[in-house]
Every structure is written in C-alpha cells, then in structure tokens.
Amino acid sequence: MQLIKKHFYLLLSNFLLVLSSSNGYAVNPTKYVTSKSSSENFALATKGQIASLLISNNDFSGVIKVVGHLQNDINTVTGLMPKLFKDQINSEENVVIIGTLGKSSIIDQLAKEGKINASLLQGKWEKFTTQIVENPIKGVKRALVIAGSDKRGTIYGIYDLSNQIGVSPWAFWADVPAKKQSELHILPGIHSLGEPKVKYRGIFINDEAPALTGWVRQNYGKFNAKFYEKVFELILRMKGNYLWPAMWSEKFYADDPQNGILADEYGIVMGTSHHEPLAKAHGEWNKSVNGEWDFNKNPEGLKKFWTDGVKRMGNKETLLTIGMRGDGDEPMTEGTAIELLENIVKTQREIISTITQKPAEKIPQMWALYKEVQEYYDKGMQVPDDVTLLLCDDNWGNLRKLPALDAKPRKGGYGIYYHFDYVGGPRSYKWINTYQIERTWEQMHLAYEHGVNQIWIVNVGDIKPLEFPIEFFLDYAWNPEYWNESNLSDYYNQWAATNFGGQNTEDIATLLKMYSKYNASRKPEQLDSSTYSLIHYNEAENVVSNYNKLVQKAQEINAQLKPEYKDAFYQLLLYPILASANLNELYVTTAKNNLYANQGRAATNEYAEKVKELFNKDAELSTYYNKTMANGKWNHMMSQTHIGYTNWQDPRTNIIPKTKTIEVPVKAELGVAIEGASNWWPNTTEKAVLPSFNSSENSTSYIDIFNRGTTPFYFKIKSKSNWIKLSKSKVSIDKQERITVNIDWEKAPQGSHTEIVTISGAGKKIAVAIKTNNTEITTEKGFVENNGFIAIKAVHFSNKSEPDSFQWKVVDNLGKTDGAVISLPIKKGRVELNENSPKLSYDVHFKNAGTVKVHLHFSPTINYSTREGMYYGLSFDNEKPVKINYASDPIIFDYNGKVTKNWDKDVTENIKVITTELKIDKPGNHTLNYYRVDEGLVLQKIIIETEKSELKTTKLGPPESSNIKN
C-alpha cells in the first residue's frame, strides 16, 4: 500500500510539474532544476561528476552547434566539461540525450519504443519536451531527453536547460556571469513551454550608427557572420526566431555570404525591413548601376533586382517583405497610388513563384503598413489573403491600427512592428532605454486580443542598452496569455534574480521599474532647460531628487554586489541611472542659472560652473562605459549623442546648454523669490503671495532669500502668528537660503485667513502674504479642492461598478503616477453608454460651484479602430453621463503616417489630455463618474479645475489632492 501511495504521489507531482512548467520562459517563473538530489531526480552534476551529452550525427548542424553551447554553459556553471558523444556511447549512468524528432535517429528510436511520447511533438511548431527516461538505450541507466518537434524546438530545449542552470541570455551581450553551482538535478515530469502563441518573434537592428557600427568595426571589421552568430544566439536564447538585420549602410547577404548560410543553420527566419522588398537590402541598390528606384520609370531594373534577391534566398527560411516605399525610407509618391502598388505586389509575387517554382502563397510574405503605406490599405488596397499584414505603431510605442475585433480571419494573419528606438520626428531617441514594460504589455495585449499573432517584431536600435525591454518583448510574445496586469511586477523580480544571482533582487527590480518609468515620462533627447518648472509644485526639484534617490540606492547595491557582477550591473542599471540623473540635473541646473541670472543672484555663476561639471560628468560616465567597464569590451556603445537636440535629428556632438554669467557687485542686496511666482522682490510692485494653504492638505511652501552682492548679510523673517512655522528665522546669507513654510493647524485660526511675514536684510524689507483655510473635517469626503482645483491619481477610485464580465484593472507603475486603469475584457469592444455601464467613481469635495473643467490624462493611445471615434462617459453624481470622444482630433497623414493633429505634443509629453466642461450646482461633496464605452483607453490622472482655479501649467501637473475618507 505504501508503495502504491508513493507511486501515486510521484505521478501527481509529475502531472503538476507538467502543468506548471508550461509557464516557463527565458525568464523562468517555474524551475525544474534544483540543487537537491533524490532518487527521482536526474543528476546533471553531482559530487564532482557530470553527465555526458549524446546527439545523433544526422541531426541539424545548428542543433549540434548549440549542444556545444550547452557543453560550455555547463562547464561555466559547474567547472566540469561534459563529454559529447555522437550516435554511440559507452556505458554511462547518466546521459543527456538531445535531438529532433524525425531528424535524430536516437530520438526516433526512443519514440518508436514508446520511451518518449512522439504525439506531444509531431506536427508542432517550435515545441520541445524535457524528461527523464529510464534505460533509454543500451548501456545507459538513465537519461535526460531533450526532444524537439523541429530544429528551433530542439534549440529552445537546449537553451532552456542552460537558462535553468543559471546562464543568462545576456551572458555575452551584458557580461552577466553564471552563478557557480556544483549540484544540478532535474526534477521529474515532462517539462515543456508548449508552442509559442505568436509565430514569428523577432528584433530589428536599426539606427546602428555610431554606437553599434563603431563597436562592430572595431571587433569584427564589418557586420559579418562572426558578429551575427552572437546576434542569432541571443535571439534563440530568448526564444525568438526572426531578424531584420542592420541596414543603415549594411547589406546582410552581400556583406558576407556566410550571414545567410549561418542564419539558416541556426534556424533564424530572416526578413528585411518595411521598405526592403524581396530579401534585398536597400544598400544594395546603386542608382548609377540599377537606375531610378521608380517602378513607373524603371520596372525592368527593379524586377531584376528583386529576382536576384529571391534567387539568393534559395530554400533558406525567409519571411519576404513585399510592396514598395520610396528611395531611402521615404513615401513612394505624393498621394496614394493604389493601382501602382497593387501592380508592384502582383509583379513581386510572380517573381516569387517563378524563382521558387512554388505557388506564391506557399512562400511566407508580409506587407508592412508603415507610415504613409497604411493609407493605401485604409483607402481600399488589397493584397492576397496569404500575405501577413504587418501593422505598425507610431514609432513611439502607440499602435496605429488593429483589425476589428470581429474581423474576418486572414490566412496570412496580422503582425505588429513596434519601436524601442527611432530616428525621426518629433525627436529621435536612440541613446538608452525609455520604455516601461507596462506600456509595452498594455499595447501588445491590445494587439493580441485583436487577433494579431503572426509576427511581433521590435526595432531595438543598437541592441544595447535595451536589454530589459527586448527580453520582455520576446518573453511576452511567446505566451501573451501568461503575463498580465497582476503579475508584471514579478517580471522585474525574476529578471533581477536571474541576472544578478539572487543578490538584492527586490531593490534591483525597483531600480529597473523606476528608472524606466522616469525616462518614459520624458525621453532624454526631449529634455531642455525649460522642461520642468522651477517655480510650480517643486516640479524640477522633485524630478532631480527622484533620480538622485535611485542613484544613491544603485550605488549602495553596486558596493554590495560580488565583483563579478559589477560590469553587468553598470551596463544594465548603474549607467542608465547615473547618466539619466545627471542629464536631468544638468538641464535643471541650466534653468536655475538662467533664472538666477535674471534675478541677479550671487549664485548665478556658481550654477554656470556646475553645468560645466555635469556636462563633463556625462562624458566621464560614457567614457567609463566605453573604455574601462569590462576592460573596454563595449567601446563605442555609448557614443550616441544625446545632449543639445533642437529638432528631430541628433546633433553631431553633445552640446553644452547655454548658461549666463553676470558681474556681481560687492555690496550686499536682498532679493526674495517665492513658490509659484516668476517675479522677484523688490523688483516688482506686485504683492508676494504664497500658494494657499489648506488644512486638508497640510502642505509646505518655500521662500528663497538671496544675495545680489558678494558681501554676506544677516536677514530676519518675522511673523506675528505663532502658527506659521518657518525652517529658519534668521541666518547669515552668503549666496542664498531656502526657507520652508508650513502651518501648525492646531493653532491656526478657523476659516480663511491672511497673515504677513516680513523679511528684512541689507537695508530692505519684503512682505510675503500667507493665505490659509482651516476647516474642521466633519462633512468633507473625498479629494478636496484647494487653490481652485482637485488632482487625483486614477488608481485611487472610491468605488467601481463591474456589470456582467467587465473588470476594471489597475496596471501598477504604468505612466507618470502610481499606475493606470484599464477596462477589460478587450474583446467586449464598444458598449452602450448608460447609467449601468462599467464605471469608476471618485469622491470629491468642492468649495466652489459653477462650471468646472475635467481634464483626463490618458496614455497617448491612437484610435486604432476602423470605427468612428473612441468614446468614454463622464458625469457627476446621478446625472446622465455625457459621451465624450477621446479621438476627436482630426486625423492627418504625414511622414509619420496616420496621426492626430496633436500627435507630436501627445508623444512628446507621453500623455493625452481631454478636457470636458461640466456643471456643479453647489459646493460640497460630489462624485465624478468615469464610464467605459470603448476598450483600449488607459487613464492615468484626473484634474478638475473650478472657475477659481489657480492651476499652473507644468509638465507633470500638481501633486495629488488630499483625500478625506469618512
């Protein structure tokens, strides 16, 4: 009986392992490798012994090559090099048998004998199984069998084991060390990732000069097979399968004939970018030899060019780009020449059929609806049903078009071309990572729910330093049904643990999360000295402070890490944090210098010098990355300019921001500046009044007291009221001093009140008014109006209504605040607006009645649907909701494709603000209701202005209002 129970529990545990292991990815949530030995486990490494590897000599050469990678990976982890046998092996206790079903004679024999279940693999796309088999072949007591349904399936199984034992996909590309282990044991069960949900999953190396190009030239001479072998390995380790190669001045097939051969050997599906038809790099087109890139004028030249591309492709696995754009990534014509493009596609398919001797529909093809090309499709152009329609984002991570939720299925299906890097308007961005995986998840989740599952490809620029979002993109593409709004934070933790050996995992995950959030808020290339406000809401100071907090934590972690992890940490976290923090401080310091110069502050020149220091520090950080880190392995990778943009194109060199220097007189002179005012005193006759204080807010404000001369002086700041609390009341001023002001509400008078503080020094007196509103918190409920407005983070709703199967989901960390709110399921699509629609409710308290402006801050989603508009509803209290069109901006076509009138502003700010005027009949407690109509809207923040508003225009807006919960 005990034996039966033992076998039952073993079978049950194996079954559960099979279920759970189907969720493993390049970042593995479920582990099947342990350090603990048992009679049921397979000993890969134990007590100084290592299992041998066995493959069939008739397997794919790419598989055999990758088995060699596994051999080295095991050696890296354990210090023991496994023996590699082909076809036959002597008597061994433990052996790892690897092979492809239908190609490996050993795997086929195991299947024939029923020792592995061939039905789990037959006819599958890129699937593998990893399992323990007793007495698999003569002389072998026990084997770990990795079997693949096809070439890539086997390769994924091999690399999955490498990842499970602790070898990161970024071992080469980011110098991530493997954690040393002496005991490696495989748990029983059939471990498999199943089949990928997205068929083609890949990256596009683009905008590769000067960084990647400089690095390649130094290390490989050119973009040859030695370079691309590193790229192919990286893609496969992350379970991708598709590549658009570098193409600025590179020619994948022509630069090195081995490039295409090696890609085919590894099983990488090759493609070319959206404007490079039929496997020909645009760099191969020579106008003096080939003629005009114009099908009307030079059809024979183009046909020969494309024919050569298909001939060269041969039988290599390729996803052919069809269609045509203009010479050099430009529109083909003015207007929309549908008939011309349809004729081009017809001609290209004839070439494909003629050269391959197969019907064109048997050769995978895609048509990229990139930029202006989408207009052809929108105006009725059709391509054959077997062609995949590659839909695109707006180059800024916002999808431009998706098939309707009820669209008729296409044989070729749909794909997405996404961007983590871009050269173009309104501003190029290609320096460091500026993407939140939460936004990538939200947009690609939209795509998947709309049936886009044939191709996912992302523009990754130089590859480095986009390591983190690249891996997330490919992991998510493998199974979009696994990662969701509730477990995205787990991805940060798992990635941190995988790449840093479990050291400081939660802190590293937080750093990843926050630096990418801050950089997404405003891309570094879009920064200048006017970006953040110096005088409202402490905005600029808070931005610098937030970045510097990350710097402090990152440096603390760096000091604690084992030495072998420091190069990886610098690349993946420390450099982007240090450099981003420094850049933001550089521009804020420049802004201070300019402001102080206008005010004649004695500190002006000091800030001009600090700008120089920060500018030089940027260069020092990049130089360390290029020259010192990893012994100079990544020289040139941080050579991308990123300071001094004035238009879309990057400057030739980093340009130091302009600063001012002034002649500072010797005589001391008092100057006063206050929060919320661009003026200074006594330079203006306006009264100095601080932003109003409200007892529900318990906020602070500040007064800057500064010297306009070089001689120090004493100042005094006095108030007749003991409830006004000042950080200092008197001190000697050399250059400047910031005095914080707050209120002791227990002592402050009830109701509205104004008091004066007087600042005296250097023979002058300045009066500053302090306005307070002290009310007993008895009837107030919700977010309270102060200074004429209410600011609310969207995730802080008071109540929610979820009729039927609708759900409101909070996506933590998405956007500029704590997170954002979306409505699921996507597949429900548009719903009728009425009082019973799904809604979020926000309790608010107004001190003023009348017309209010409700500003909703959304992620800048584009109306991706063919239906008119993109709607939501708003109401106060029990009033009938008003239907509002989020996508009311007129649609225009330009070089960026189909975008809205305010698109450049929306993507620059990474926010879209929709303003609606509503009426409040009386002051007091009210409820703002936000209703779902259309899917796909991402709400981040709400700001409500009354007619008494003192709301200031800033990039990030005011902090959240006080929320009273009764």
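So that you can scan it fast, the table gives a plain yes or no per residue for (1) more than 30 Å from residue 605 (Cβ to Cβ); (2) in the same structural domain as residue 941 (by TED's automatic domain parsing); (3) in contact with a Lys or Arg (Cβ under 8 Å, 6 or more places away or on another chain):
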residue: 728; (1), (2), (3): no, no, no
residue: 732; (1), (2), (3): no, no, no
residue: 759; (1), (2), (3): no, no, yes
residue: 800; (1), (2), (3): yes, yes, yes
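On the basis of being hydroxyl-bearing (Ser, Thr, Tyr) and farther than 29 Å from residue 507 by Cα, does residue 623 make the cut? It would help to see each step written out before you state the result.
On the way: hydroxyl-bearing (Ser, Thr, Tyr): yes; farther than 29 Å from residue 507 by Cα: no.
No: the conditions fail for residue 623.
Residues in the range 900-937 that are of a type in the set (Asp, Glu) and out of contact with any Pro (no Cβ under 9 Å at 6 or more places or on another chain): 917, 921, 934.
Here the condition is being out of contact with any Lys or Arg (no Cβ under 9 Å at 6 or more places or on another chain), in contact (Cβ under 8 Å) with a residue 40 or more places away in the chain and surrounded by fewer than 19 Cβ atoms within 10 Å (Cβ to Cβ); of 658, 627, 617, 667, it holds for 658 alone.
Looking at the range 393-412, can you tell me whether even one residue there is assigned to a strand (DSSP E or B) and among the hydrophobic types (A, V, I, L, M, F, W, C)? Scanning the range 393-412, I find at least one residue that is assigned to a strand (DSSP E or B) and among the hydrophobic types (A, V, I, L, M, F, W, C), so the answer is yes. Could you go through the range 846-856 and let me know if any residue there is modelled with pLDDT of 95 or more, out of contact with any strand residue (DSSP E or B) (no Cβ under 9 Å at 6 or more places or on another chain) and either not in a strand (DSSP E or B) or not hydroxyl-bearing (Ser, Thr, Tyr) (or both). Checked the range 846-856: no residue is modelled with pLDDT of 95 or more, out of contact with any strand residue (DSSP E or B) (no Cβ under 9 Å at 6 or more places or on another chain) and either not in a strand (DSSP E or B) or not hydroxyl-bearing (Ser, Thr, Tyr) (or both).
Name the residue that is surrounded by the fewest Cβ atoms within 10 Å (Cβ to Cβ), counting only residues in the range 544-583 that are among the polar types (S, T, N, Q) and closer than 26 Å to residue 635 by Cβ. For the range 544-583, the residue satisfying everything is 555. In this entry, residue 592 is excluded by the filter for residues that are in contact with a helix residue (DSSP H, G or I) (Cβ under 8 Å, 6 or more places away or on another chain), touching a residue at least 12 places away in the same chain (Cβ under 8 Å) and surrounded by fewer than 20 Cβ atoms within 10 Å (Cβ to Cβ).
Being in a loop (DSSP other than H, G, I, E, B) and either over 39 Å from the mean Cα position of the chain (by Cα) or acidic (Asp, Glu) (or both) is a description that applies to residue 89. The residues of the range 735-750 that are in contact (Cβ under 8 Å) with a residue 24 or more places away in the chain and within 48 Å of the chain's Cα centre (by Cα), listed by number, are 735, 736, 737, 738, 739, 740, 741, 742, 743, 745, 748. Here 839, 781, 793 are screened, and the one residue that is modelled with pLDDT under 95 and either within 21 Å of residue 928 (Cα to Cα) or among the aliphatic types (A, V, I, L, M) (or both) is 781.
Every condition in (1) loosely packed, with under 14 Cβ neighbours inside 10 Å; (2) touching a Pro at 6+ places or on another chain (Cβ under 6 Å); (3) not acidic (Asp, Glu) is met by residue 684 except one, and the failing one is (2). Is it the case that the range 154-175 has a residue that's in a helix (DSSP H, G or I), charged (D, E, K, R) and farther than 17 Å from residue 56 by Cα? Yes: the range 154-175 contains one or more residues that are in a helix (DSSP H, G or I), charged (D, E, K, R) and farther than 17 Å from residue 56 by Cα.
From the residues in the range 452-471 that are of a type in the set (A, V, I, L, M, F, W, C) and assigned to a strand (DSSP E or B), which one is farthest from residue 513 (Cα to Cα)? Looking at the filtered set, the residue picked out is 455.
Against the list (1) within 30 Å of residue 275 (Cα to Cα); (2) at pLDDT 95 or above; (3) aliphatic (A, V, I, L, M), the condition residue 247 fails is (2). Within the range 275-286, if we keep just the residues that are outside any loop (DSSP other than H, G, I, E, B) and without any contact (Cβ under 8 Å) to a residue 40 or more places away in the chain, the residue that is nearest to residue 348 (Cα to Cα) turns out to be 284.
The values are calculated or read from the model by the stated rules, or taken from the named source; none is laboratory data. Being a predicted model, the structure only gives us computed values, none of them experimental. Virtual Cβ from ideal backbone geometry, glycine too; neighbours counted across all protein chains shown.
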